[in-house]
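Asks: Mind having a look at this structure? Questions to follow.
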Amino acid sequence: MTQQDIRTKLVHAGERRGLPEAQPVATPIYASATFTYESMADIDQVFSGEKQGFIYTRYGNPTTAALEEAVRAVEEGATACAYATGMAAVHAALLACDLRSGSTVLASQDVYGATTSLLNSILVNFGVKTVHVDFSDLDTVRAKARELRPQVLIAETISNPLLKVCDIEACVQIAHENGARLIVDNTFASPYLCQPLKLGADMVVHSATKYLSGHADAMGGLVISRDEMDAPALFSVMKLVGGVLGVWEAHEILRGLKTLALRMERQCENASKLASYLKENRKIGRVHYPGQGALVSIELSDDTRDAAFRFMDGLKMCVRSTSLGDVFTSVLHPATASHRDLLPARRRELGIVDSLVRISVGIESIDDIIADIEQALA
Ligand code: PLP
């Protein structure tokens, strides 16, 4: 080949070199939107599915595929698909259950606020009806499922912010008796504490932004299904709606997964000690702690928004943050954050009082966490 011009070299030099013989021990970030092959025949075979390979990152990418495989293995599913956020994953799971005009969804009244809004302000416009019930009242769930014959039941393993634990096996039975599929948002428990597919759920959703990544530096979502048959539908939503997980985020989440067990062990132990401490404190009216997990919600004796704000403003180490599941302890005020859009009467009905504060317990020393909370309460 003749000597190339500097303008050509700047674009091509050093690119597309073959992989060295050495295997990288950590999955590299394949920051490439597209992939090339030796010949058009190869590309044609990859497009047709005769040959495995990557073509275009919206259809799949090696870094993202490594994360999908890791989460599939951990949740013990048949297939997994990654999306840009937890909400993109919730949306994909619902669409992959073949919702269409005339379908009904039976949803826990406690599902994440944006999931409720997705159902009631977007999917409703496409003819999908949603009915919300209290999933801790299984008789009502059963009766509503018989009456409505929903296509999908959707619930969360541990509800936000009152931390009610879902009886997944009972919900599986109700769903399947009535020809419905059960989607479980497992974000609050993480696969370290619960694997809903093993209990019979059909699909699991994660906001990977939370415990899976664990460091508040990446957003992402995953859907894992027990049935390989869901793979084409999940893939189609990824490819055609286009809410694809970025490769940098896939790498961050894959790295986060490696320490999930260590983080969860410490966070759950800290949460248990914190809950015991809080139950003894006279400034606390009520402690919500299900005996497992790394979240604790508290109601103050002075049940006002001002008291909650004073407590939260008084914290010096714990972070005021609208997320959870991070290595640091963080606090959130549901009445003005996750449940802000509800009418006050509806909030009260759901038990979300003005002084409620949700604490996501981190990996710090429990003594420092308690000391910070104690001084803020004082
Ligand atoms: N599901 C639950 C239980 C959540 O708490 C959240 C976010 O807080 C989501 C889904 C949505 O996740 P993301 O913010 O990554 O879109």
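Asks: Within the range 273-291, is there a residue that is under 20 Å from residue 189 (Cβ atoms), open to solvent by 10 Å² or more (accessible area, probe 1.4 Å) and assigned to a helix (DSSP H, G or I)?
Replies: yes
Asks: In addition: Considering each residue of the range 78-96, count those that are hydroxyl-bearing (Ser, Thr, Tyr), within 13 Å of the chain's Cα centre (by Cα) and more than 7 Å from the ligand (Cβ to nearest atom), and give that number.
Replies: Of the residues in that region, 1 qualify.
Asks: Hey, any hits in the range 74-81 for a residue that's more than 14 Å from residue 244 (Cβ to Cβ), of a type in the set (A, V, I, L, M) and assigned to a loop (DSSP other than H, G, I, E, B)?
Replies: Yes, there is a match, as at least one residue in the range 74-81 is more than 14 Å from residue 244 (Cβ to Cβ), of a type in the set (A, V, I, L, M) and assigned to a loop (DSSP other than H, G, I, E, B).
Asks: Here are some conditions: (1) under 21 Å from residue 181 (Cβ atoms); (2) free of Cβ contacts under 8 Å to residues at least 40 places away in the same chain. Residue 233 meets all but one. Which one does it not meet?
Replies: (2)
Asks: Right, another one. Quickly run through the range 322-350 and pick out the residues that are more than 16 Å from the ligand (Cβ to nearest atom) and either among the aromatic types (Phe, Trp, Tyr) or over 16 Å from residue 112 (Cβ atoms) (or both).
Replies: Listed by number, the residues that qualify are 327, 328, 329, 343, 344, 345, 348, 349.
Asks: Got a number for residues in the range 135-158 being part of a loop (DSSP other than H, G, I, E, B) and surrounded by 15 or more Cβ atoms within 10 Å (Cβ to Cβ)?
Replies: 5
Asks: Whether any residue in the range 315-333 is open to solvent by 70 Å² or more (accessible area, probe 1.4 Å), touching a strand residue (DSSP E or B) at 6+ places or on another chain (Cβ under 8 Å), closer than 29 Å to residue 108 by Cα and of a type in the set (Ser, Thr, Tyr) is what I want to check.
Replies: Yes, the range 315-333 contains a residue that is open to solvent by 70 Å² or more (accessible area, probe 1.4 Å), touching a strand residue (DSSP E or B) at 6+ places or on another chain (Cβ under 8 Å), closer than 29 Å to residue 108 by Cα and of a type in the set (Ser, Thr, Tyr).
Asks: If a residue must be open to solvent by 70 Å² or more (accessible area, probe 1.4 Å) and either part of a helix (DSSP H, G or I) or not basic (Lys, Arg) (or both), how many such residues does the range 334-343 contain?
Replies: The total comes to 2.
The values are calculated or read from the model by the stated rules, or taken from the named source; none is laboratory data. No experiment lies behind these values; they were computed from the predicted model shown. Note that we place each Cβ from the backbone using ideal geometry, even for glycine, and neighbour counts take in every protein chain shown. The protein model used for the area step is the full one, side chains on, heavy atoms only, and it has no ligands, DNA or RNA in it. Shrake-Rupley method; radii C 1.70, N 1.55, O 1.52, S 1.80 Å.
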